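See structure below.
All of the numbers you see were taken from the coordinates with simple rules; none came from a lab. Small disclaimer: the values here were computed from a predicted structure and weren't measured. Methodologically, a virtual Cβ is constructed for each residue, glycine included, from the backbone with ideal geometry; neighbour enumeration extends over all protein chains shown.
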Amino acid sequence: MKTYRIAAIPGDGIGNEVIPAGIEVLGKAAEGFRLEFEPFDWSSQRYQQTGRYIPEGGLERLKKFDAIFFGAVGAPDVPDHVSLWGLRLPICQGLDQYANVRPARVLAGVTSPLSGGKAIDWVIVRENTEGEYSGAGGRVHTGLDNEVAVEVSTFTRSGVERIHRFAFELARRRPRKHLTLVTKSNAQRHGMVLWDELFYAVAKDFPDVKTERILVDAMTTRMVLNPAAIDTVVASNLHADILSDLAAALSGSLGIAPTANLNPERRFPSMFEPIHGSAFDITGKGVANPIATFWTAALMLEHLGEGAAAARIMRAVEATTAKRIFTPDLGGNARTRDVTAAVIAAL
Ligand code: IPM
Ligand code: MG
């Protein structure tokens with residue numbers, strides 16, 4: 001039987017609650033294939049004990065897997081930039097997972113804060129290896145009055161072109177075939193202008209995809225006031241980071257939003273994670289919403305070529321949300337294990 005090897009990295013906080021729930025649901029949904037999970041204890045706890053999130057040779061070990069199922073990273077006693085640059089970014093950048101895909105939709109039974117929320121059916125494509133997250137820059141005269149901090153966004157022609165091409169291909173596969181380019185090329189006149197230019201160059205290869213260009217600030221109002229006008233979106237690392245939190249909130253809760261960090265050429269494994277983060281305020285209480293992780297699990301199965309099992313998970317998830325079996329973030333009082341049991345029963 002076809003067996004996929006999955007590296008499971010629950011990480012920090014509620015990652016340790018939602019990833020086990022996701023593994024249970026994946027086990028139930030797998031039919032005609034097997035999933036073999038190998039657990040990795042890479043976390044802030046490990047960092048505090050050993051000084052490293054990823055042990056020597058760790059990335060090389062990851063390369064042998066078919067996919068990575070990731071929880072969250074971030075702890076109250078480790079600065080956020082240390083934990084992010086210790087675990088998640090080295091994986092995304094080191095395994096060239098340049099296409100970050102973030103679907104947003106209002107699931108059955110879920111209420112959007114927007115009256116027109118049912119119109120939300122978006123996929124945000126986020127550049128995931130460079131731009132504002134490239135890590136270039138530095139600090140000079142640290143701690144002195146004349147201290148300088150330089151944070152450089154790096155946009156490469158090849159990096160921008162490939163994310164545009166990926167977004168066009170994705171938009172082409174969706175019924176509306178519509179792609180919105182989000183930049184801030186009026187104020188950021190170098191990198192963002194390159195984004196605009198390359199977008200229209202790539203567009204020539206996709207005459208069947210309708211395009212639109214909008215500035216990132218105007219995009220926030222568009223998302224709130226005219227959600228139906230949006231289908232597929234492509235944006236830089238930071239802009240799409242911000243827009244995807246807004247998208248999650250408008251679709252009902254950050255607790256349902258999934259993401260895929262893809263290496264589309266499959267030279268390296270891709271990584272799948274809920275976007276909510278470690279959520280230390282609710283860690284250990286058993287109330288984390290596992291829906292984002294289940295949706296993430298479905299994205300992973302799709303990437304592995306198991307579309308039927310992915311669709312089964314999403315049907316079971318919506319059968320559960322339609323019954324309003326909700327954790328507190330969605331206004332209910334169900335616990336992680338209640339939602340998990342309901343999804344497994346629906347499967
Ligand atoms: C996300 C998160 C991360 C990001 C954080 C945890 C650094 O907000 O996945 O959207 O900004 O990339
Ligand atoms: Mg974010």
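Within the shell of other residues whose beta carbon sits under 10 angstrom from the beta carbon of S236, the net charge comes to -2, with Lys and Arg scored +1 and Asp and Glu -1.
The value given for segment 184-333 is a Kirkwood hydrodynamic radius of 17.8 Å, derived from the mean inverse Cα-Cα separation. Summing +1 for each Lys or Arg and -1 for each Asp or Glu among the other residues whose beta-carbon sits under 15 angstrom from that of G51 gives -1. Per residue, the convex hull spanned by the Cα atoms of the chain amounts to 148 cubic angstrom.
Going down the list K2/K210; K118/K210; K28/K64, which pairs span over 31 Å between their C-alpha atoms? Flagged as over cut-off: K2/K210. If R0 equals 30 Å, the separation of the Cβ atoms of A108 and F33 corresponds to a calculated FRET efficiency of about 0.65.
For segment 157-198, the residues whose backbone nitrogen is under 16 Å from a point 7 Å from the Cα of L238, taken along Cα to Cβ, are 182-195. For the pair Q49 and T3, a Förster radius of 22 Å applied to the C-beta separation gives a FRET efficiency near 0.10, rounded to the nearest 0.05.
The per residue volume of the convex hull around the alpha-carbon atoms of segment 48-189 is 234 Å³. For segment 112-251, the calculated P(r), taken from all Cα-Cα distances in 10 Å bins from zero up to the bin holding the longest distance, is 12, 39, 30, 13, 5, 1 percent. Per residue of the chain, the DSSP helices (runs of n ≥ 4 H) give a summed -39500 (n - 2.57) that works out to -11500 deg cm²/dmol at 222 nm.
The protection proxy used here, the mean number of other Cβ atoms lying within 10 Å of each residue, ranks peptides 50-58, 25-33, 83-91 as follows, highest first: 83-91, 25-33, 50-58.
Estimate the FRET efficiency between A308 and R61 by the formula 1/(1 + (r/R0)^6), using the beta-carbon distance for r and 41 Å for R0, to the nearest 0.05. Efficiency, rounded to the nearest 0.05: 0.85.
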